[in-house]
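Starting off with a structure, shown below.
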Amino acid sequence: MNIPRLLFQLQEIDLAHDAAREKSGRIENELAADPLAVERNAINKQQTELRGLQHELRENDAQVDDFTDRIKGYEEKLYSGRITSPKELTTLQKDIELLRGHRIPFEDKSLALMEAVEALEHSISDAETALQRHKETLDTHKRELIGQLEVVAAETSELETRRAALLPEIPSYVQVQYQSLRKQKGRAVSKVEQAICRACGIAVTAAWLHRARTGEIVRCTNCNRILYLE
Ligand SMILES: [Zn+2]
């Protein structure tokens, strides 16, 4: 039984398993992320601003109404026929004019506020439409990611089955060596090609090559990895 070959197969499985775990971690992170938070926060901010403007508009309208009520009261008095003194009538007319004059800036402000409210409502509506569109795109992407996650899970499960089938063929003391090397170096087994250790690039001596070819466990003299000849 060629143990280095089995170890090399084990390493291929373990590396694929590592890659699968890394991939599923990446996918899970992406699924947990909330890329639309910035957009949603911007809309919330605009909605708060809108409520502020609407409140300001209501208060300003109340001021306009107050002036209008006072003007109306004076006008009723003026046209009631109860006042006959020309001096009093003139004063009343002047007061009405004065109140009308005072009312103008409030009316102007209400108009400006109404325009601002309308513009902001449009802006919010546009942003909500865009957000909905982005959410749909994101949902589609997330469904794809969930599909990828399922594929990776199936691959992982298959790798684990293959690993479990392979392990009984490898003596446990060799498994310990392999695990320790893997921990230190990431790769415990190195392929030998054209008498060169692929992992570190050092030449492998003829005697070492011969021993490795028989299936014996031979370590690279430079990087200490287990050598595997095809
Ligand atoms: Zn080496």
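Give the residue that is farthest from the chain's Cα centre (by Cα), with candidates limited to residues of the stretch 48-98 that are surrounded by fewer than 14 Cβ atoms within 10 Å (Cβ to Cβ) and either within 30 Å of Leu138 (Cα to Cα) or outside the structural domain of Leu113 (by TED's automatic domain parsing) (or both).
Arg51
Right, next: From Glu216, Glu155, Glu169, Glu160, which residue is over 35 Å from the mean Cα position of the chain (by Cα) and modelled with pLDDT of 95 or more?
Glu169 is the lone residue from the list that is over 35 Å from the mean Cα position of the chain (by Cα) and modelled with pLDDT of 95 or more.
Here's another thing I want to ask about it. Which numbered condition in (1) among the aliphatic types (A, V, I, L, M); (2) in contact (Cβ under 8 Å) with a residue 12 or more places away in the chain; (3) within 16 Å of the ligand (Cβ to nearest atom) is the only one that Ile146 fails?
Ile146 satisfies all of (1) among the aliphatic types (A, V, I, L, M); (2) in contact (Cβ under 8 Å) with a residue 12 or more places away in the chain; (3) within 16 Å of the ligand (Cβ to nearest atom) except (3).
Among the residues that make up the stretch 191-204, is at least one of them closer than 30 Å to Gly25 by Cα and exposed (fewer than 14 other Cβ atoms within 10 Å of the Cβ)?
Scanning the stretch 191-204, I find no residue that is closer than 30 Å to Gly25 by Cα and exposed (fewer than 14 other Cβ atoms within 10 Å of the Cβ), so the answer is no.
If you don't mind, another one. What tally of residues in the stretch 149-179 results from selecting those that are closer than 17 Å to Gln9 by Cα and either within 14 Å of the ligand (Cβ to nearest atom) or touching a residue at least 12 places away in the same chain (Cβ under 8 Å) (or both)?
14
Separate question: Would you mind finding the one in Ser125, Ser180, Ser157 that is within 30 Å of Ala62 (Cα to Cα), loosely packed, with under 13 Cβ neighbours inside 10 Å and of a type in the set (Ser, Thr, Tyr)? Steps first, please.
Details: Ser180 fails: within 30 Å of Ala62 (Cα to Cα); Ser157 fails: within 30 Å of Ala62 (Cα to Cα).
Going through Ser125, Ser180, Ser157 in turn, just one is within 30 Å of Ala62 (Cα to Cα), loosely packed, with under 13 Cβ neighbours inside 10 Å and of a type in the set (Ser, Thr, Tyr): Ser125.
Pick out the one residue from Arg187, Arg182, Arg82 that is within 16 Å of the ligand (Cβ to nearest atom) and outside any helix (DSSP H, G or I).
Going through Arg187, Arg182, Arg82 in turn, the sole match is Arg187.
The values are calculated or read from the model by the stated rules, or taken from the named source; none is laboratory data. The model shown is predicted, which means the values in this text are computed figures rather than measured ones. Cβ atoms come from the backbone with ideal geometry, glycine included; neighbour counts cover every protein chain shown.
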